[in-house]
Amino acid sequence: EDKVVQSPLSLVVHEGDTVTLNCSYEVTNFRSLLWYKQEKKAPTFLFMLTSSGIEKKSGRLSSILDKKELSSILNITATQTGDSAIYLCAGYNAGNMLTFGGGTRLMVKP
Amino acid sequence: DAGVTQSPTHLIKTRGQQVTLRCSPKSGHDTVSWYQQALGQGPQFIFQYYEEEERQRGNFPDRFSGHQFPNYSSELNVNALLLGDSALYLCASSFGIGEKLFFGSGTQLSVL
């Protein structure tokens, strides 16, 4: 059974801090890893990573995949209160089944 | 361009009843996946529909069934509801299988 584990479970930082969220996976015939942000109900797509070592960036957010370590990190620089959310990581297997981790709850205080 | 829409937004049922949740995918998308998200947990995969057929299924009992219509919209049916079925049910669509998913805002189901 595929498994995705995220750490930490929750994190409280102040505006302007930099945070690193971790995701490790045990996914049969792994294909790709995805990150989502869930503020209220609908998770919104952040990144899809398929190649190891290539950083993807979008504004203050960036992410990288390490296939040797079966892991990924999501970095957020100069955090803002609007970054407060649950961040979800998920892995696709070769059968195209997407397994989610339990999420990291980030709170950014002013 | 409408995103993924789900109905209803909230639903209250009692144990043993049956429920039907509905989902319209984002325009241009042909694949629909359903997830169950319990409070404080990540989404759990229920099943995925493509070309009106169930293509993948997660570890959910047969009480959970679904359907995809020719216009790509989908329904999730749950029979013989249990208290443990109380959760947020998320629908996600994509163009093809194995691609990034776009999620709807979910249906919050409470079973009393």
Members of the range A:30-73 found to be farther than 30 Å from B:Ser7 by Cα, within 13 Å of chain B (Cβ to nearest Cβ) and part of a loop (DSSP other than H, G, I, E, B), listed by number: A:Phe30, A:Arg31, A:Thr50
Test for A:Gly82: is it under 23 Å from B:Leu88 (Cβ atoms), surrounded by fewer than 18 Cβ atoms within 10 Å (Cβ to Cβ) and of a type outside the set (Val, Ile, Thr): yes
Unique match (being more than 14 Å from chain B (Cβ to nearest Cβ), farther than 28 Å from B:Gly106 by Cα and not polar (S, T, N, Q)) among A:Val12, A:Val19: A:Val19
Conditions (1) surrounded by fewer than 21 Cβ atoms within 10 Å (Cβ to Cβ); (2) in contact with a Ser or Thr (Cβ under 9 Å, 6 or more places away or on another chain); (3) closer than 22 Å to A:Asn93 by Cβ: number failed by B:Glu75: (3)
Near pairs, Cβ below 6 angstrom, 6+ apart or cross-chain, from the range B:97-112 (more than 9 Å from chain A (Cβ to nearest Cβ)) to any residue that is crowded, with 16+ Cβ neighbours inside 10 Å and basic (Lys, Arg): B:Val111/B:Lys13
Condition met for B:Arg63 (more than 12 Å from the chain's Cα centre (by Cα) and either of a type in the set (Asp, Glu) or within 14 Å of A:Leu98 (Cβ to Cβ) (or both)): no
Odd one out for B:Gln18, checked against (1) more than 14 Å from every other protein chain (Cβ to nearest Cβ); (2) in contact with a Lys or Arg (Cβ under 8 Å, 6 or more places away or on another chain): (2)
Qualifying residue in the range A:89-101 (condition: part of a loop (DSSP other than H, G, I, E, B), away from chain B (no Cβ under 14 Å) and either under 15 Å from the mean Cα position of the chain (by Cα) or more than 25 Å from B:Val4 (Cα to Cα) (or both)): no
Matching residues in the range A:40-57 - criterion: being under 14 Å from the mean Cα position of the chain (by Cα) and within 18 Å of A:Leu106 (Cα to Cα): A:Pro43, A:Thr44, A:Phe45, A:Leu46, A:Phe47
So A:Lys56, is it of a type in the set (Lys, Arg), in contact with a strand residue (DSSP E or B) (Cβ under 6 Å, 6 or more places away or on another chain) and over 23 Å from B:Leu90 (Cα atoms): yes
Search result, residues across the range A:22-45 that are without any contact (Cβ under 8 Å) to a residue 40 or more places away in the chain and within 22 Å of B:Ile97 (Cβ to Cβ): A:Ala42, A:Thr44, A:Phe45
Residue match in the range B:47-57 (condition: surrounded by 16 or more Cβ atoms within 10 Å (Cβ to Cβ), away from chain A (no Cβ under 14 Å), of a type in the set (Lys, Arg) and in a strand (DSSP E or B)): no
Cβ pairs under 6 Å, 6+ apart, first in the range A:51-75 and closer than 19 Å to A:Thr18 by Cβ, second of a type outside the set (Ser, Thr, Tyr) and exposed (fewer than 14 other Cβ atoms within 10 Å of the Cβ): A:Arg60/A:Ala78; A:Ser62/A:Glu55; A:Ile64/A:Glu55
Flag for B:Leu39 being away from every other protein chain (no Cβ under 11 Å) and either more than 14 Å from the chain's Cα centre (by Cα) or in a strand (DSSP E or B) (or both): yes
Residue in the range B:78-93 that is touching a His at 6+ places or on another chain (Cβ under 7 Å), within 14 Å of chain A (Cβ to nearest Cβ) and buried (at least 22 other Cβ atoms within 10 Å of the Cβ) present: yes
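Laboratory data are not the source of any read-out in this text; all were calculated from the coordinates shown. Just so it is clear, the model here is predicted, and its values are computed rather than measured. Positions of Cβ are backbone-derived with ideal geometry, glycine not excepted, and every protein chain shown enters the neighbour counts.
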